[in-house]
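Reviewing the structure listed below.
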Amino acid sequence: MDAFYILLRWFHFLFGITWIGLLYYFNFVQTPFFAETEPAVRSGAVQKLVPRALWWFRWGAMGTVIVGLIYLLFWWAGLGWAITSWTVAILTGGTMGLIMFANVWLVIWPNQKIVIGSAVTVAGGGQADPKAGPAGRRAGLASRTNTVFSIPMLFFMGAASHYTIIGTPTPGGVAAWVILAGGIIGLVEINAIRGTEGPTKKPLDSVQGAIISGFVLWLILVIVIKITLG
């Protein structure tokens, strides 16, 4: 079982590094570059570079989630499904990871396909798809939201095995943690799936705003866990 668990962790790390690394590339490198470059260069990148990056991005997300869920089920079953510091950290981080995964496959990828298709059509002499602009804005907002989630998500994943985040939880404390933490995470996600007017919604209209928001979300979730679960 030790060999089985280390293999799961290894593949979870490999897939996760691929996924989050490309998430940061899109937000910290590609988006600012597209905002500054010439239309012809941007069009070529959208047609040839972005689809390749998105392939590794979305399948990295898929592998991360599948391997992570297998690991969670086997390890938690070994704990007798108890609510421990490990499970609180994993479930908090894992919830954000699952939402990020849903954003990749249900928001970012479908909308990016519209943007890519429009760029290909224009390059062939056709008319731009009027849906491409709103689709790009929606994909960008979901991607920035995933950047926000990634910061506390990575902390809780690491804390599961390296930091005792709670004491002995009570049933009332567990219920309060689920309601408060779940509600806060849900409010952040609502901003990603509602309609947009402009590239993003404040404070996600800049890389700096997304990073700061991620650390603020981390602090709020840690405080909630410490208060409800001690």
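Values quoted throughout were computed directly from the atomic coordinates according to the rules given, and no laboratory measurement underlies them. On a predicted model such as this, the values are computed, not experimentally measured, just so you know. Note: ideal-geometry Cβ built from the backbone for every residue, glycine included; neighbour counts use all protein chains shown.
Rounded to whole Å and sorted largest first, what semi-axes of the equivalent ellipsoid does the C-alpha gyration tensor of segment 2-229 yield via the square root of 5 times each eigenvalue? Kindly include the intermediate steps, with their values, before the conclusion.
Working: eigenvalues 256, 77, 36 Å².
The three semi-axes for segment 2-229 are 36, 20, 13 Å.
Just from its helices, what would the mean residue ellipticity at 222 nm be for the chain, if runs of 4 or more DSSP H residues each count -39500 (n - 2.57) and the sum is divided by every residue, rounded to the nearest 500 deg cm²/dmol?
On the way: 8 runs with 180 residues, N = 230.
Computed mean residue ellipticity for the chain: -27500 deg cm²/dmol.
Quick one: S143, S161, fewest Cβ neighbours within 10 Å first, how do they rank? Mind showing how you got there, number by number?
Values: S143 26, S161 11.
In increasing order of surrounding Cβ atoms, one gets S161, S143.
Could you tell me how many degrees, from 0 to 90 and to the nearest 10, lie between the Cα long axis of helix 85-103 and the main elongation axis, the longest principal axis, of the Cα atoms of the chain?
20 degrees
Given springs between every Cα pair under 10 Å in a Gaussian network model of the chain, which of Q127, Q47, Q112 has the largest fluctuation?
Maximum fluctuation in the GNM of the chain, among the listed residues, is at Q127.
Taking the 0 to 90 degree range and rounding to the nearest ten, how far is the long axis of helix 132-162 tilted relative to the main principal axis of the chain, both from C-alpha atoms?
The answer is roughly 30 degrees.
With unit charges on the beta carbon (Lys/Arg positive, Asp/Glu negative), name the residue among H12, I211, L141 whose Cα is farthest towards the positive pole of the charge dipole of the chain.
Positive-end residue among those listed: L141.
Take the chain, mark every one of the trypsin sites (Lys or Arg not before Pro) that falls in a DSSP loop and has at most 14 other Cβ within 10 Å, then report the longest stretch left between them, sites excluded.
Details: sites that count: K131, R194.
In short, 1-130.
Kindly state, to the nearest 0.05, the FRET efficiency for K131 paired with W59, given R0 = 30 Å and r defined as their beta-carbon distance. Can you show the working numbers first?
Details: r = 25 Å, r/R0 = 0.84.
It comes to 0.75.
Provide, for q = 0.12, 0.18, 0.23, 0.28 Å⁻¹, the log10 of I(q)/I(0) from a solvent-free Debye sum over equal Cα point scatterers in segment 118-184.
Taken in order of the listed q values, log10 I(q)/I(0) reads -0.58, -0.85, -1.06, -1.16.
Which value, in debye to the nearest 20, describes the size of the charge dipole of the chain about its Cα centre when Lys and Arg Cβ atoms bear +1, Asp and Glu Cβ atoms bear -1, and nothing else is charged? Each step should come with its number before you reach the end.
On the way: 14 positive and 7 negative charges, 58 e Å.
In debye, rounded to 20, the chain gives about 280.
Classify segment 100-216 as rounded, prolate or oblate from the Cα gyration tensor: take a ≥ b ≥ c as the square roots of its eigenvalues, call it rounded if a/c is under 1.5, otherwise prolate when a/b beats b/c and oblate if not. It would help to have the intermediate numbers written out before the result.
On the way: a/c = 2.84, a/b = 2.72, b/c = 1.04.
Prolate.
Give the angle, between 0 and 90 degrees and rounded to the nearest 10, that separates the Cα long axis of helix 2-24 from the longest principal axis of the Cα atoms of the chain.
Between the helix axis and the principal axis of the chain, the angle is about 40 degrees.
For the chain, which span is the longest to avoid every loop-located (per DSSP) member of chymotrypsin sites (Phe, Trp or Tyr not before Pro) having at most 16 other Cβ atoms inside 10 Å?
The answer is 82-162.
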